[in-house]
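Here the structure is laid out as structure tokens; the discussion comes afterwards.
The values are calculated or read from the model by the stated rules, or taken from the named source; none is laboratory data. Keep in mind that this is a model prediction, so the values were computed, not measured. Don't worry about glycine lacking a Cβ; one is built from the backbone with ideal geometry, like all the others, and counts go over all protein chains shown. Accessible surface is based on the protein model in full, side chains and every heavy atom, while ligands, DNA and RNA are left aside. Shrake-Rupley method; radii C 1.70, N 1.55, O 1.52, S 1.80 Å.
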Amino acid sequence: MIYDRAHSSVSLTGAAEYDWEKIFGGAAWLHTTGITPALSQVSAEAVRHAVETAKKKGLTVSCDLNFRKKLWGWEKGTDSKTLAGKTMRGILPFVDVLVANEEDAADVLGIHAADRAIAFAVAASCLCHSIVGDVNFTSRAEVESLMGGSGSGRVVR
């Protein structure tokens with residue numbers, strides 16, 4: 001895949017060039033992505049300023065980690081995963097909701113989901129889908145029973 005974002009306006013526009021008061025006026029939520037700070041140091045600094053300003057103004061901030069290895073090349077001598085990790089760790093303290101898949105969490109943040117956590121989540125999800133409504137009312141014991149091989153998935157009340 002070829003990314004043609006080098007020298008785009010967002011990669012060249014510094015934080016001071018945005019009218020943050022106008023941008024955040026009346027806003028309740030800011031969503032950003034890991035792609036924007038990957039483009040250049042200038043855009044990384046702008047994203048950092050945006051999330052920090054949004055938090056000071058009381059907005060909810062979300063971020064899709066969205067790691068794209070080929071985009072993280074603006075710091076010579078630093079590999080893409082290291083640069084992404086260092087940059088995103090400066091942004092994430094201002095983020096309320098992080099969206100990331102397992103691979104991106106591992107590549108950028110060094111977070112590796114434990115097998116037990118994945119098994120628990122899968123079992124809880126299976127049990128939840130067996131209950132009318134949108135809330136999982138199963139107990140931890142019921143989830144662990146399904147994880148342990150109780151193939152019925154029956155919720156006992």
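With contacts defined as alpha carbon pairs under 8 Å and 6 or more residues apart, what's the relative contact order of the chain in percent?
Details: 197 pairs, mean separation 26.8, N = 157.
The value is 17 percent.
So who's got an amide H within less than 5 Å of the one on Val61, skipping anything under 5 residues away but keeping other chains? H placed 1.01 Å off N, in plane.
Correct list: Leu30, Asp96, Val97.
Could you bin all the Cα-Cα distances of the chain into 5 Å bins starting at 0 and give me the percent of pairs in each, rounded to whole numbers?
Pair shares across the bins are 1, 8, 15, 15, 13, 11, 10, 9, 8, 6, 3, 1, 0.
Using a 10 angstrom Cβ neighbour count of at most 16 plus a DSSP loop assignment to flag exposed chymotrypsin sites (Phe, Trp or Tyr not before Pro), which longest range of the chain is free of such sites?
It works out to 19-136.
Helix-only estimate, please: 222 nm mean residue ellipticity of the chain, summing -39500 (n - 2.57) across DSSP H runs of length 4 or more and dividing by its residues, to the nearest 500.
So the helix-based figure for the chain works out to -13000 deg cm²/dmol.
How much accessible area per residue does the chain have, in Å², with a 1.4 Å probe?
62
Most mobile of Leu127, Leu92, Leu65 per a Gaussian network model of the chain (Cα springs, under 10 Å)?
Of the options given, Leu127 has the highest mean-square fluctuation.
Which loop-located trypsin sites (Lys or Arg not before Pro) does segment 64-147 contain, where loop means any DSSP state but H, G, I, E or B and the Cβ has at most 13 other Cβ atoms within 10 Å? If you can, show how the numbers build up before the last one.
Values: sites: Arg68, Lys69, Lys70, Lys76, Lys81, Lys86, Arg89, Arg116, Arg140; in loops: Arg68, Lys76.
The qualifying sites are Lys76.
Ignoring ligands, DNA and RNA, what percent of the accessible area of segment 1-122 is carbon or sulfur (1.4 Å)?
Reported share for carbon and sulfur atoms: 55 percent.
Segment 4-39 to segment 85-130: how many Å between their Cα centroids?
First find each Cα centre; the distance between them is then 25 Å.
Of Ser43, Ser125, Ser62, which is the most mobile in a GNM of the chain whose springs link Cα atoms less than 10 angstrom apart?
Judging by the Gaussian network model, the answer is Ser125.
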